[in-house]
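What follows is a single structure, written as structure tokens, with notes after it.
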């Protein structure tokens, strides 16, 4: 029967210990990847100061309801030992409560969610690459907009790079998915860390009187920035405990070296002042849409 005893009688909240929780956190970060696109979308918002706080608060509420709520429900209905890495926990859950064809239903949901995530990812990377290309930080092709004001150049580049996953699966079929998931998780953690560091730099400008802090503020900053950065560091280093994790960190190191080399290659022709023009064009495109 369902109840809190399914948690209490099976080792409590951390039955496998905190190291297991830390090791799995990178997968959770991977699942949450894309939340930062709220900031990317600000470029097309007509009234970002009013809309963004509502969007961010709504996103946090939905995470608690749909993610934390669903995990809590699964933990209450079935003990954690009932779930297996070979089957979606949602399939196990719905089958356990007697819903027929649970596997088929979940497959449709997962496929729909994957397509939605892909669409959102293409949007974010396309816009980001366009901004970088206009400023001289990315290939000129990425700056191209089609007649519908869609950054088609950036989307084509992103799609082409996605094919590298096919090659990885050919060479490491047993570890490919976990490597890609962990690599994406590290990349997302790195993106969030960069946002936190940028926010710290912004706060220093505010303190020096060079910038104005908006009314909508990050709770506990700058201390919460440092705590989050420490957390991300621990999670990333936890990959050293597994073979696929070490492969992931090795690949990530290669990516970092390539990014640093790319920066030194293009830094002499970067035009940061052009980003204001890009922002104005994106806002105009958003209003027309």
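The order of 263, 192, going from fewest to most other C-beta atoms within 10 Å of their C-beta, is 263, 192.
By how many degrees, between 0 and 90 and to the nearest 10, does the Cα long axis of helix 18-32 differ from the longest principal axis of the chain? With both axes taken from Cα atoms, the answer is about 50 degrees.
Residues 71, 108, 77, ranked from the fewest to the most other C-beta atoms within 10 Å, line up as 108, 71, 77. Computed from Cα positions, the angle between helix 176-208 and the longest principal axis of the chain comes to roughly 50 degrees.
Working value for the chain: equivalent-ellipsoid semi-axes of 36, 24, 22 Å, each the square root of 5 times a Cα gyration tensor eigenvalue, largest first. Going by neighbour counts of Cβ atoms within 10 Å, the residues 91, 257 line up, fewest first, as 257, 91.
None of the figures in this text is laboratory data; all of them are computed from the coordinates on show. From a predicted model like this one, the values you see are computed outputs, not experimental measurements. Reconstructed Cβ throughout: ideal geometry from the backbone, glycine too, with neighbour counts over all protein chains shown.
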